[in-house]
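Notes for the one structure printed next.
Values in this text are rule-based calculations from the coordinates and carry no lab data. Just so we're clear, the structure is a prediction, and the values are computed from it rather than from any experiment. Neighbour counts are summed over all protein chains in view; Cβ atoms, including those assigned to glycine, are modelled from backbone coordinates with ideal geometry.
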Amino acid sequence: AQSVTQPDIHITVSEGASLELRCNYSYGATPYLFWYVQSPGQGLQLLLKYFSGDTLVQGIKGFEAEFKRSQSSFNLRKPSVHWSDAAEYFCAVAPDGGATNKLIFGTGTLLAVQP
Amino acid sequence: EPEVTQTPSHQVTQMGQEVILRCVPISNHLYFYWYRQILGQKVEFLVSFYNNEISEKSEIFDDQFSVERPDGSNFTLKIRSTKLEDSAMYFCASSGQIEAFFGQGTRLTVV
């Protein structure tokens, strides 16, 4: 079945430490891939996206993600986490590409940042 | 910077009542969506809307739900007879090509 998996429900890192949030998808073709962030009580903000081309994409707030076709993964990384990065992070795919453009979301990873 | 706006931010309604959630998408976008997020769960696709008609809907989007673009700027989600399990955060989104921009959401509480 088509799905988006975020295996880590909750991650805690220390401020200044590096971060990697995992995302795997299962679709036949390469879908369009996204990471969104949701701060408490807020909406969804797009961090970055991958459509094609360079497999390492840069986003806002110092985040980057790498698409690995062989692993069907699109992991989110940040070299040095700030306390303000504490939020929930959602990986999403647009499996239909240019059709309806609907997004399928993973279950999210809640990031806590220790001082 | 253009943004998607949703009103109200929070709505409380009694079970069985009709509610209309309102959204103003980004003005030059052509695709519109509604998603919902039940507390503690993932964001789920409800419906997509293009060229004044529904282009796709999920299993969640049953006959109790409807969407409308009544004028050139608003995009609404109507729930005809609310149930307790409709309590959730409802997000509107719009996109031009692929990248979707989300509103801040309407928290619907059915009591």
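With 10 angstrom as the radius, rank A:Ser14, B:Ser94, A:Ser70 by how many other C-beta atoms surround their C-beta, starting from the fewest.
A:Ser70, A:Ser14, B:Ser94
Equivalent ellipsoid of chain B: semi-axes from √(5λ) of the C-alpha gyration tensor, largest first, are 22, 14, 13 Å.
Expressed per residue, the C-alpha convex hull volume of chain A stands at 102 Å³.
Using Cβ counts within 10 Å as a stand-in for footprinting exposure, how do A:Leu44, A:Leu76, B:Leu84 rank, fewest first?
Values: A:Leu44 26, A:Leu76 23, B:Leu84 9.
Arranged by neighbour count, lowest to highest, A:Leu44, A:Leu76, B:Leu84 become B:Leu84, A:Leu76, A:Leu44.
Where a ≥ b ≥ c are the square roots of the eigenvalues of the C-alpha gyration tensor, would you call the range B:51-111 rounded, which needs a/c under 1.5, or, failing that, prolate if a/b is larger than b/c, or oblate? Prolate, since a/c reaches 1.5 and a/b exceeds b/c. For the range B:24-76, the relative contact order is 30 percent, taking Cα pairs closer than 8 Å that sit 6 or more residues apart in sequence and dividing their mean separation by the residue count. Between the range A:1-69 and the range B:33-78, the alpha-carbon centres lie 24 Å apart. Volume of the convex hull of the protein assembly as shown (Cα atoms only), normalised per residue: 128 Å³.
Think of each Lys and Arg Cβ as +1 and each Asp and Glu Cβ as -1; about the Cα centre, that makes the dipole of the protein assembly as shown roughly 140 debye. On full extension, the segment bounded by B:Ser27 and B:Gln14 gains 1.4 nm, given 0.36 nm per residue less the C-alpha separation.
Charge dipole of chain A (Cα centre as origin; +1 on each Lys and Arg Cβ, -1 on each Asp and Glu Cβ, all else neutral): 200 debye, rounded to the nearest 20. Projecting the Cα atoms of A:Pro31, B:Cys92, B:Phe75 onto the charge dipole of the protein assembly as shown (Cβ charges, centred on the Cα centre) puts A:Pro31 farthest toward the positive pole. With a 10 Å cut-off around each Cβ of B:93-102, the average count of Cβ atoms from other chains is 5.
Listed by chain and number, the aspartates and glutamates whose alpha-carbon sits under 16 Å from that of B:Lys57, ignoring those within fewer than 8 places in the same chain, are A:Asp96, B:Glu44, B:Glu68.
Would you list A:Leu21, A:Leu56, A:Leu48 from fewest to most Cβ contacts within 10 Å?
In increasing order of surrounding Cβ atoms, one gets A:Leu56, A:Leu48, A:Leu21.
For chain B, modelled as a GNM whose springs connect Cα atoms under 10 angstrom apart, the maximal fluctuation among B:Leu21, B:Leu30, B:Leu46 occurs at B:Leu30.
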